[in-house]
Amino acid sequence: MICPHCTTNLKRTERTGKTCGKCRKSFVFDPKDNPLALHDVKVRRLTGKLSEDNNWYTVTQVWYAAARKTNKAANDGTAGCGVVVPLLIGTVLLAIGVFGEVLPLAIIGGALLAIGIVIIVLRLAGVLKREVAVKMPLEQFRKEILGGWSRVYGKPPGGIIDEAYVKPGPPPQQPAFAILCPDPSVLACLRVNEVERYFNAALAADVAALPPSVPVAVLHDASLDGEVFLATARHELRGRRVVDLGLRPRTVLAAKDPFKLRTKARQPERVAWLKAQTDLTPKELEWLGEGWSSPLAALRPAQLLARVKKVAEHLRTADRPDRDEQAAMAVGFMTWPGE
C-alpha cells in the first residue's frame, strides 16, 4: 500500500502496527487488515468525491462508497471462492487415497470434490443464491472513520457528518413541497446540505410528520421495503400529489454499475402484494423476489440534490407522469462513486 504521509509503496512487513516503516507515521486503514481492503489514500479519494461542490455527506454514505469494490466482487456472477478450499483438500486427499491405496481418504476426497463441483454448478446456474452484504459492520466503520481518523489526522475527513447527531430544525413555514424518506442517513444528508432552505421543502421520515396539503416527493431504497413504503404512502396520501423520486428497481436494472445487496430471505407474499398494488414490471418483481436491493444512501449527495432540484422544477410546471426516472438518469442519478 501507499503511505498516506510519505507516499512510499510499503510491503506488509514495512507497515506493521499500522505505522509506516519509512516515515514512522501512523495510518488508519491497512488493506490486509480490514474486510473492505481500505487504505487511507483510497478513503481520501472517496470522501473527496462525496464532498464535491462542498457538499456534506454522512457516515453511511461513505460506508457504502468504501464497500463498493468488495460488493462488486460479490456480485460478479462467479461461483465464489468459498468452495476453493474443499476442492483443493478433496483433490489432495483423493490423490493420497488413490496412489497410497488408502480407501477412506479416497472416499473423503471424492466426496469433497463432488460437493464442491455441485455447489459451483448450482451457483453458476443461479439455483444456489448467495447473500451480498457489506463486509464491515457500520458501527465498526463509524469507529474507524471518525475516531481512528481523528486520532491519526487530528480531525475526521472533510465534509463528513455523523447522522446520529443531526437533529431536525424548524421546518419552512409555508413549504412548496415535502420530501418523505424513511432513511435517516439520507434525511440527515438533505438537512445538512440545506435542502429545506434552498428548495423551501419540508423533510419527514413518515406520513404523520408531513405538512398538510402540499405535494409529496418520496425517496426510498430500491427494495421490497422501499416499494412497500411508497405504495403505503400513496394510499395514505390519496387525494394529494405524490411523486416517486426512486430508487426504482428498473433504474437499478438499467444502470451500468449499480450498488446492489442481496438477502437470502424470500418474501413471496410481499411480492404478490406489490404486484396487485403497483405498476412494477414482472422483471422488477422477479428482481425484488430474489432478494436484491439497492440502497438510496449509496448515492452521492450531489446526485440526491440534483434529483431534489429536478423534482422542485417538475412541481412548478404542468402535470407530468409521477413515476419518471428519465430526468434522474439524465443528471447522473445512478452513477455511483468511482474507486
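The values are calculated or read from the model by the stated rules, or taken from the named source; none is laboratory data. These figures come from a predicted structure and were not determined experimentally. Because the Cβ atoms are built from the backbone with ideal geometry, glycine has one as well, and the counts that use them run over all protein chains shown. Side chains are part of the model used for accessible areas, which takes the heavy atoms of the whole protein and leaves out ligands, DNA and RNA. Shrake-Rupley method; radii C 1.70, N 1.55, O 1.52, S 1.80 Å.
List of remarks:
- Degrees between helix 84-99 axis and first principal axis of the chain (Cα, 0 to 90, nearest 10): 20
- Average Cα contact separation per residue, the chain, under 8 Å, 6 or more apart, as relative contact order %: 17
- Listed residues L315, L36 arranged by accessible area, highest first, probe 1.4 Å: L315, L36
- Rg and Dmax of the chain, both derived from C-alpha coordinates alone, stand at 24.1, 85 Å.
- The chain, helix-only ellipticity at 222 nm - DSSP H runs n ≥ 4, -39,500 (n - 2.57), divided by all residues, nearest 500: -13000 deg cm²/dmol
- Packing rank of 105-117, 211-223, where each peptide gets the mean count of other beta carbons within 10 Å, highest leading: 211-223, 105-117
- Expressed in units of 2.2 N^0.38 Å, where N is the residue count, the Cα radius of gyration of the range 185-331 is 1.03.
- Neighbourhood charge, 14 Å Cβ-Cβ cut-off, centred on I161 and excluding it, Lys, Arg +1 and Asp, Glu -1: +1
- Positive contributions from Lys and Arg (+1) and negative ones from Asp and Glu (-1), summed over other residues with Cβ under 15 Å from the Cβ of R12, come out at +2.
- For the peptides 63-70, 25-32, the ranking by packing is 63-70, 25-32, with the highest mean count of neighbouring Cβ atoms within 10 Å listed first.
- In Å², nearest 10: area of I96 left accessible to a 1.4 Å probe: 80
- Ranking by accessible area, most exposed first, for T8, T251 with a 1.4 Å probe: T8, T251
- For the chain, the share of DSSP beta bridges that are antiparallel, to the nearest 5, is 35%.
- By definition, a body whose alpha carbon gyration tensor gives a ≥ b ≥ c is oblate when a/c is 1.5 or more and a/b is not larger than b/c, and the range 251-290 fits this oblate description.
- Folded to 0 to 90 degrees: helix 224-236 orientation relative to the chain principal axis, Cα: 20
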